[in-house]
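Take a look at the structure below.
The values are calculated or read from the model by the stated rules, or taken from the named source; none is laboratory data. The shown structure was predicted, so the numbers you read here are calculated from the model rather than taken from an experiment. Heads up, the Cβs are rebuilt from the backbone with ideal geometry, glycines too, and the neighbour counts pull from every protein chain shown. What goes into the accessible areas is simple: the full protein's heavy atoms, side chains included, and nothing from ligands, DNA or RNA. Shrake-Rupley method; radii C 1.70, N 1.55, O 1.52, S 1.80 Å.
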Amino acid sequence: MNTRRDFLQKMGASALMLQLSSVITFANTPNQIEQPYDGKVLRVAIMGLGGYATRVAEAMKACTKAKLVGVISGTPSKVKDWQMKYKIAEKNCYNYDTFDQVKNNPDIDAIYVITPNALHHSHVIRVAKAGKHVICEKPMALNTKEGQEMIDACKKAKVRLLVGYRMHFEPQTLEVIRMRNAGDFGKIMFFQGQCGFKIGDPKQWRLNKALAGGGSMMDIGIYAINGARYMVGEEPVWVTAQETKTNPAIFKEGVDETIQFQLGFPSGAVASCLSSYNINHLDRFYVSGDKGFAEMQPSTGYGPIKGRTHKGELTQPITTHQTTQMDKMATIIFEDDKPVVPVDGEEGLKDLRIIEAIYQAVKTGEKVKLTA
Ligand code: NDP
């Protein structure tokens, strides 16, 4: 296990120096309009070259405002592969022992942390101390204490901390939010969020409490929490929750298999949600008001997202989520652009606060009040 962690970083400064074109034109996905961009490009290094990182890297090929220029990995063979595939300069390759040196690398603006949940805290704080902007995958940390420390570290270092909430840039999702804000659904009364899948390999880190921080709730249930907040447009004030565990051999102590939870909002709206590692095809949002409704299924998968409202099918363009996300994050970082739904550390912290309350409610069987 250690060999993957302590590999060589030094590959010397040489050969594959990446030149960022001042005018970049990309139109790799069907519905992305080709347009020249001559602004500042966010030069990103990805940390943790696993499944999701690979998806992000592929999606970034179509970005106009962000560019993959570096990697941080514990697996030398992956570094070689990624160097070849994405033309990454040797001087932009690091491992987990050496990445603090990124502070001396003027060719990297931001690091995207895509490692197991438990590592986000230390990885983000180290990146902040190296003076680079950080994008961190969800859940941003294992608990609110860690989350707050990450926010504080980034503030102190004067770098941005963004959380990889790709749905916050998804066109159909944004249309539902626009319609809600315009009053099309009337007074919101109810949200339902169902998020889950049947997890495979019992040895994976997602089923290891020390690395995952929990079970389905940390990984997939967080989408229902986050979705409840952006679909209802309020912050919940109470939580109740119940856990169902059918397979304690796989879902050990502290690793939740299925949790049903309910949220109450200040307006009186309620949410009924399901998070599961043992039920397939759970990817549905439903929001209902006294004048109308929206339904999305799939609602948070990689797409295409499919939504309809009482007015008919949603027809917003299908996008590659991570392409849009990274381009938008570049403008958030460089131009202080304000997204409709925030993706900053405070936003990540709000979800963690609710996750903690859900776990507490499961444990105590009581209604847990949430304070801002
Ligand atoms: P993977 O297991 O596929 O990849 C994680 C990578 O982290 C590994 O390949 C490895 O890369 C690195 N790593 C460093 N230390 C460890 C360790 N101790 N054990 C295992 N891996 C380690 O996970 P995912 O890519 O699926 O998930 C990573 C993060 O991304 C999670 O926080 C997850 O919640 C989030 N995610 C977000 C999604 C979204 O849609 N926003 C979707 C999927 C995941 P290396 O060998 O290069 O060091």
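Some observations on this one:
- Flag if Met179 is within 13 Å of the ligand (Cβ to nearest atom), in contact (Cβ under 8 Å) with a residue 12 or more places away in the chain and aliphatic (A, V, I, L, M): no
- Under the condition of being in contact with a strand residue (DSSP E or B) (Cβ under 9 Å, 6 or more places away or on another chain) and assigned to a helix (DSSP H, G or I), the residues counted in region 177-194 number 2.
- Test: residue in region 148-160 that is within 16 Å of the ligand (Cβ to nearest atom) and surrounded by fewer than 24 Cβ atoms within 10 Å (Cβ to Cβ): no
- Just one of the numbered conditions (1) modelled with pLDDT of 95 or more; (2) away from the ligand (no atom under 16 Å from the Cβ) is not true of Tyr96: (2).
- Odd one out for Met167, checked against (1) closer than 30 Å to Gly227 by Cα; (2) in a helix (DSSP H, G or I); (3) open to solvent by 40 Å² or more (accessible area, probe 1.4 Å): (3)
- Region 334-349 - residue that is touching a helix residue (DSSP H, G or I) at 6+ places or on another chain (Cβ under 7 Å) and not aliphatic (A, V, I, L, M) and, of those, nearest to Lys67 (Cα to Cα): Asp337
- In the set Phe185, Phe197, Phe190, only one residue is in contact with a helix residue (DSSP H, G or I) (Cβ under 7 Å, 6 or more places away or on another chain), open to solvent by 50 Å² or more (accessible area, probe 1.4 Å), within 23 Å of Gln297 (Cβ to Cβ) and touching a residue at least 24 places away in the same chain (Cβ under 8 Å); that residue is Phe197.
- Reported count of residues in region 240-277, each being over 24 Å from the mean Cα position of the chain (by Cα), buried (at least 16 other Cβ atoms within 10 Å of the Cβ) and hydroxyl-bearing (Ser, Thr, Tyr), is 1.
- Filter result (open to solvent by less than 10 Å² (accessible area, probe 1.4 Å) and part of a strand (DSSP E or B)) within region 114-139: Val134, Ile135, Cys136
- Within region 321-372, the only residue that satisfies the criterion of being more than 18 Å from Glu243 (Cα to Cα) and among the aromatic types (Phe, Trp, Tyr) is Phe334.
- Number of the exception - Gln360 against (1) open to solvent by 20 Å² or more (accessible area, probe 1.4 Å); (2) closer than 16 Å to Tyr230 by Cβ: (2)
- Leading residue by the ranking (farthest from Arg55 (Cα to Cα)) among those in region 278-307 that are open to solvent by less than 30 Å² (accessible area, probe 1.4 Å) and assigned to a loop (DSSP other than H, G, I, E, B): Gly292
- The condition of being open to solvent by 30 Å² or more (accessible area, probe 1.4 Å) and within 9 Å of the ligand (Cβ to nearest atom) does not hold for Lys85.
- Filtered by the rule that a residue be in a strand (DSSP E or B) and basic (Lys, Arg), region 308-351 gives a lone residue, Arg308.
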